[in-house]
Amino acid sequence: MKKYLLIALIVFTAFVSCSKDDNADNPDRQALEIWMGQKTGSTGDFSNLRWMVVLPDGAYFNQLPSEGFLNFSQNQTGGSWGTFTMNGNSGTFTNPYETLQVNKISNTEMGIVGYVNHIYKLVSVEGLKLSGKYNTIPNWSTIPNYPYGANDPQPMFEFTTAGTFNDMGAFVTNFSTPYQDPQRAPGNGTYEIKNYTLILNYSDGRKITKAFNGAFDNQVTATSELVFIGGNPFYNH
């Protein structure tokens, strides 16, 4: 009898271990917050954005990793690491190159002291499914001089809520030769959104991951008019 109880315990333990959240093996990813806003002194479009990735221990990274957060850790390069501290409603972001004082406005909004600019905490997009055609060109479906035909390679994704996508050339840099670079070429496959990361599994075997979020602290839905993929705006019309 004891032997069977021991076997059952081993099986149960293995099941629990395999069922743990993917964040469990990477403490740096647990409960991270991402804050987004325009850089101080900037107004208008989304060409000059500021990102703060804040970890539970107060460490923060001042860039958005374009490849997303599946392998994010404090070994991340491409930006500067610093610290974020909060005392009541006042906080400070500090890294080797700048210090920003902030005031809490709400749980998802902070103002930068001395500037009109605010930063906003991104909402979760975990498990989201999208529906529509997302293009890097604003108002692409209504502008009279849209340069691409319906089936031409173009800077656009088409997503379905069934979890499939058609990449019409979202990563292509030269549309006169859209298939020149196989890693950037148009293709299709299945996708999922996890840990602020869009995971694209192409039918040709490629796997591309990109940071994914909405605009500021706005809720993201299947048909949101604006999302950010790899830090770049994509417009659904």
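No value in this document is a laboratory result; all are computed from the given coordinates. The structure presented is a predicted model; accordingly, all values stated were derived computationally and were not measured. Here the Cβ is made from the backbone with ideal geometry for all residues, glycine too, and neighbour counts use every protein chain on show.
For the reader, a short list of remarks on this structure follows.
- Taking the criterion of being in contact (Cβ under 8 Å) with a residue 12 or more places away in the chain and in contact with a Ser or Thr (Cβ under 6 Å, 6 or more places away or on another chain), the residues of segment 60-95 that qualify are Asn62, Glu67, Gly68, Phe69, Leu70, Gly82, Thr83, Thr85, Thr94, Asn95.
- Residues of segment 207-231 classified as over 11 Å from the mean Cα position of the chain (by Cα) and in a loop (DSSP other than H, G, I, E, B), total: 10
- Matching residues in segment 49-89 - criterion: being surrounded by 18 or more Cβ atoms within 10 Å (Cβ to Cβ), not aliphatic (A, V, I, L, M) and not in a loop (DSSP other than H, G, I, E, B): Arg50, Trp51, Tyr60, Phe61, Gly82, Phe84
- Filter pass, Lys104 being basic (Lys, Arg), surrounded by 12 or more Cβ atoms within 10 Å (Cβ to Cβ) and assigned to a loop (DSSP other than H, G, I, E, B): no
- Filtered by the rule that a residue be surrounded by 18 or more Cβ atoms within 10 Å (Cβ to Cβ) and either among the hydrophobic types (A, V, I, L, M, F, W, C) or outside any strand (DSSP E or B) (or both), segment 31-48 gives Leu32, Ile34, Trp35, Met36.
- Top-ranked residue in segment 176-206 [being aliphatic (A, V, I, L, M) and part of a strand (DSSP E or B); ranked as surrounded by the most Cβ atoms within 10 Å (Cβ to Cβ)]: Leu198
- Condition check for Tyr134: surrounded by 14 or more Cβ atoms within 10 Å (Cβ to Cβ), aromatic (Phe, Trp, Tyr) and either more than 19 Å from Asn201 (Cα to Cα) or free of Cβ contacts under 8 Å to residues at least 24 places away in the same chain (or both): no
- Total residues in segment 130-161 satisfying the condition of being acidic (Asp, Glu) and under 27 Å from Lys194 (Cβ atoms): the figure is 1.
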